[in-house]
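Heads up: the structure comes next, in structure tokens.
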Amino acid sequence: MKDDNEIRVCKNKKCQKVLPSGYKHKYCEACRNQHAQTAKNVLKGIGAGVGAVASVAVVIVTGGKINPKK
Ligand SMILES: [Zn+2]
């Protein structure tokens, strides 16, 4: 039989907070919130990066269209 009463702690090595029994997540609430925040920041960074790449791509695409036929 599997022991479901095993004490689990937050996977964050700096945190190690004991998780309540039946808690579904590997990280405690605080760490999960922090993770979400980090993910948002990363997405923001990616969004800015994608925006820059997209504008470069647009320049390349329009440049190709503007080029007269040889
Ligand atoms: Zn934690």
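The values are calculated or read from the model by the stated rules, or taken from the named source; none is laboratory data. Everything numeric in this text was worked out from a predicted model, so none of it was measured. Using ideal geometry, Cβ is built from the backbone for each residue, glycine included, and neighbour counts are taken over all protein chains shown. Ligands, DNA and RNA are excluded from the accessible area calculation, which covers all protein heavy atoms including side chains. Shrake-Rupley method; radii C 1.70, N 1.55, O 1.52, S 1.80 Å.
Quick look at the values:
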quantity: Among residues of the stretch 12-24, those that are open to solvent by 70 Å² or more (accessible area, probe 1.4 Å), at pLDDT 90 or above and more than 6 Å from the ligand (Cβ to nearest atom), counted; calculated: 6
quantity: Where a residue in the stretch 30-52 is under 24 Å from residue 15 (Cα atoms) and polar (S, T, N, Q) and its partner, wherever it lies, is open to solvent by less than 70 Å² (accessible area, probe 1.4 Å) and within 16 Å of the ligand (Cβ to nearest atom), with Cβ under 9 Å and at least six apart; calculated: 34/12
quantity: Single residue of the stretch 31-63 satisfying the filter (open to solvent by less than 60 Å² (accessible area, probe 1.4 Å) and under 17 Å from the mean Cα position of the chain (by Cα)) that is nearest to residue 6 (Cα to Cα); calculated: 31
